[in-house]
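Working notes for the structure below.
The values are calculated or read from the model by the stated rules, or taken from the named source; none is laboratory data. No experiment lies behind these values; they were computed from the predicted model shown. Every residue, glycine as well, gets a Cβ built from its backbone with ideal geometry; the counts of neighbours run over all protein chains shown. The area values use the complete protein model at the heavy-atom level, side chains included, leaving out ligands, DNA and RNA. Shrake-Rupley method; radii C 1.70, N 1.55, O 1.52, S 1.80 Å.
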Amino acid sequence: MTELILETRDLSKAFKGFVAVDRVNLQVRRGHIHALLGPNGAGKTTCFNLLTKFLTPTQGSILFKGIDITNDKPAQIARRGVIRSFQISAVFPHLTVLENVRIGLQRFTGTSFHFWKNLTGLKSLDARVLALLDLVDLREMAQLKAADLPYGRKRALEIATTMAMEPELMLLDEPTQGMGHEDIERVTDLIKRVAEGRTVLMVEHNMRVVSRIADRITVLARGAVLAEGDYANVSRHPKVLEAYMGTEATELAGTH
């Protein structure tokens, strides 16, 4: 069986009596795309915040490659190779596409914080930057300011910047949020492409996206795990259909 890269055991978070995440047990396997699915308020993003230590669990534990990282700080989590791409596009708007990705690569040059340094020494990174931009179909836009990119392309840039940090586990938070159909298709294809040989845990609300690319799905509702499995099984689960209700439930049951 494929090695577990991330595991949570009874992971919980309460805010003044309100339980946002309730004894969640996740098992993410190396090389898989694992999706966290659920209606609004299900606790998906809170769960991500616990995994990246932007929130501290009320109880439970988090293991990465078998090591307990529950008490690690966010920077330690990132150094271990757990890199998160945020729900709201997080790029430097006034830098070019190439410069944004180069900053991600600087982590490996010992010049991570030397933003005042002469850029000549960083030109050696550009071949790797362009290879990443090729992968996300942004090479032709390398000299554009990030602010001038269409929304869907900004998300592609954010994924490229995340990949520049060479994550062992890439966390994608609502990667298709706010996109039109064409951008959703492009970003879905992009995630599938960049996930080859990598491990991805993604929060996603779009069932069609999940049906196309997820190896395994965990459905959350009211902070707890409602169902888990591949898409074929999860999409037919009575409790999942009930949680989504109405037209969304019909779409969920009918998407293949």
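If only residues of segment 15-31 that are farther than 20 Å from MET170 by Cβ and either among the β-branched types (Val, Ile, Thr) or open to solvent by less than 40 Å² (accessible area, probe 1.4 Å) (or both) are counted, the one that is farthest from the chain's Cα centre (by Cα) is VAL19. Step by step: first the residues of segment 51-62, then only those that are modelled with pLDDT of 95 or more and touching a Leu at 6+ places or on another chain (Cβ under 7 Å), then the one that is farthest from ALA20 (Cα to Cα). Which residue is that? By that ranking, first place goes to ILE62.
For (1) aliphatic (A, V, I, L, M); (2) surrounded by fewer than 16 Cβ atoms within 10 Å (Cβ to Cβ); (3) within 23 Å of ALA146 (Cα to Cα); (4) at pLDDT 95 or above, each residue gets a yes or a no:
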residue: ILE5; (1), (2), (3), (4): yes, no, no, yes
residue: ARG9; (1), (2), (3), (4): no, no, no, yes
residue: ILE33; (1), (2), (3), (4): yes, no, no, yes
residue: LEU37; (1), (2), (3), (4): yes, no, no, no
residue: PHE48; (1), (2), (3), (4): no, no, no, no
residue: ASP68; (1), (2), (3), (4): no, yes, no, yes
residue: ALA78; (1), (2), (3), (4): yes, no, no, no
residue: LEU95; (1), (2), (3), (4): yes, yes, yes, no
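Looking for something under 15 Å from ARG222 (Cβ atoms) and touching a residue at least 40 places away in the same chain (Cβ under 8 Å) - is there at least one such residue anywhere in segment 48-55? No. For segment 50-63, the tally of residues that are buried (at least 16 other Cβ atoms within 10 Å of the Cβ) and within 16 Å of the chain's Cα centre (by Cα) stands at 4.
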